[in-house]
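Read through the structure below, which is laid out as structure tokens, and then see the notes.
The values are calculated or read from the model by the stated rules, or taken from the named source; none is laboratory data. Please read all numbers here as calculations on a predicted model, not as lab measurements. No Cβ is skipped: glycine too gets one built from the backbone with ideal geometry, and neighbour counts run over all protein chains shown. The protein model used for the area step is the full one, side chains on, heavy atoms only, and it has no ligands, DNA or RNA in it. Shrake-Rupley method; radii C 1.70, N 1.55, O 1.52, S 1.80 Å.
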Amino acid sequence: MRKDRQNLLLAYLKMKWKTLLLLFIFLLCFTIVFYLSHVPLDPILYAFLLCGYIGLIFFVVDFFKFTKRVRVLKNMQKTITVQLDQLPVPVNITEEQYHILLQILHNNMHELTVQAEEKQRDLVNYFTQWTHQIKTPIAAMRLLLQSEHHEQNAELEMELFKIEQYVEFVLQYLRLENISTDLLFQQYELDSIIKQAVRKHAKIFIRNKITLHYSEVNFKVLTDEKWLLFVIDQLLSNALKYTEEGSISIYMDGKRLLIEDSGIGIPAEDLPRIFEKGFTGHNGRTYKQSTGIGLYLCKQILTKLSHDIIIQSEVGRGTKVIIDLETKNIGVE
């Protein structure tokens, strides 16, 4: 606090040094003139002290006004939004011109913000509509492929499944910004959610000859089914993507759901950054399949669901994903 006052005093003196210097020159001029006119020294000293006291009182009052204005401006800097009508009233024409300049900048910024929001809203609406429309030809293609049983059709069907995943991924990514308005918390059977995700990837398990170790967990969780299903689906997809042979295990440890694979694993230096948006790491550069968005989305969604996620991994020995399903502070942003 004392240091702040000293800094304010130095700033004030720096701002007023020309005025103080001018006053000192005036007093010095009067003193020299009176002395050369053989005016007695006592009246000169008296006048000098009187002017000094009056000037000191004036500067003390002005300094306190200055500190008050600085304090108000500093407090306003700490607020999330500052309205221009909350700014201190200009005390001179210079501050008034700055005030007008701030008003112009504020209006321009507001206009640009509105335009950016409209563009973002139009973009989101377009891609949302696109993701819904693209599902129709995808469904039609799936029916056509299933109508004839050929080995080539099976391969095409797997590629079509990947396209469906990417479309669903885009849709959930667009919804993430407004996820809070889409959440519906209820008690759900965790087995039902897990089985939906497993059934969705059943053909990939069979095609890649990956063993699934899973038995019913008999656990109820307070969550949003749709969003938790998306997370488990994404984690299973990652496990299958990076497991060329071996197995994937799904089991409970207390109130924690674990999805463990015997895949390639994640380098230790990448683990601290795996939830960062756009981070692909060593595996992404090697396999060219990672977007760096999947785990970021999972982390964001689970945070909104009041669940925690931890990933443990070792290169060559697989990856273990731990989802803590003990909900805390639901609905608190």
- Item | Label-to-label distance, nm, for residues given as N92 and Y251 (7 Å Cα→Cβ offset) | 7.8 nm
- Note on the structure: With label points set 7 Å from each Cα along the Cα-to-Cβ direction at I138 and F58, the distance between them in nm comes to 7.8 nm
- Task: Run through every distinct alpha carbon pair of the stretch 28-72 and return the Kirkwood hydrodynamic radius in angstroms, one decimal place.
- Result: 12.4 Å
- Under Karplus coefficients 6.51, -1.76 and 1.60, residue-wise ³J(HN,Hα) of the stretch 260-269 in Hz, glycine/proline x: 10, 10, 10, x, 6, x, 10, x, 4, 6
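Please report the relative contact order for the chain, taking Cα pairs under 8 Å with a sequence separation of at least 6, and give it as a percent rounded to a whole number.
10 percent
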- Extension length gain for L112 and T19 (0.36 nm per residue less Cα distance), in nm, is 29.2 nm
- Task: Work the Kirkwood hydrodynamic radius out for the stretch 168-226: mean of 1/r over every pair of different alpha-carbon atoms, inverted, in Å.
- Result: 13.7 Å
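Report, to the nearest whole %, how much of the accessible area of the chain belongs to carbon and sulfur atoms, 1.4 Å probe, protein only. Could you put the intermediate results ahead of the total?
Numbers: 13600 of 22660 Å².
On the chain, the fraction of accessible area on carbon and sulfur atoms equals 60 percent.
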- Message: Using only the alpha-carbon atoms, how far is helix 151-175 inclined from the longest principal axis of the chain? Give it as 0 to 90 degrees, nearest 10.
- Response: 30 degrees
- Message: If you fit an axis through the alpha-carbon atoms of helix 225-241 and take the longest principal axis of the Cα set of the chain, what angle between them do you get, 0 to 90°, nearest 10?
- Response: 70 degrees
- Item | For the stretch 141-203: accessible area per residue (Å², 1.4 Å) | 64 Å²
- Query: What is the calculated FRET efficiency for S147 to V315, with r their C-beta to C-beta distance and R₀ = 45 Å, to the nearest 0.05?
  - Reply: 0.55
- By how many degrees, between 0 and 90 and to the nearest 10, does the Cα long axis of helix 93-147 differ from the longest principal axis of the chain? 0 degrees
- Message: If you build the convex hull over the alpha carbons only and average its shadow over all orientations, what do you get for the chain? Give it in nm² to one decimal.
- Response: 27.9 nm²
- Message: Would you work out the Kirkwood radius for the stretch 89-154? I mean one over the mean of 1/r across all pairs of different Cα atoms, in Å.
- Response: 16.9 Å
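Mind checking the alpha-carbon convex hull of the stretch 25-178 and giving the volume per residue in Å³?
Values: hull volume 25.7 nm³, N = 154.
So the per-residue hull volume is 167 Å³.
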- What pairs from K135/K200; K119/K277; K74/K119 go past 27 Å between their alpha carbons? K74/K119
- For the stretch 131-250, count the residues as N, evaluate 2.2 N^0.38 Å, and divide the Cα radius of gyration by that value, please. 1.18
- Can you work out the FRET efficiency for the pair D122 and F279, with r the C-beta to C-beta distance and R0 = 25 Å, to the nearest 0.05? 0.30
- As a check on your grasp of the helix formula, calculate [θ] at 222 nm for the chain: sum -39500 (n - 2.57) over DSSP H runs of n ≥ 4, divide by the residue count, round to the nearest 500. -21500 deg cm²/dmol
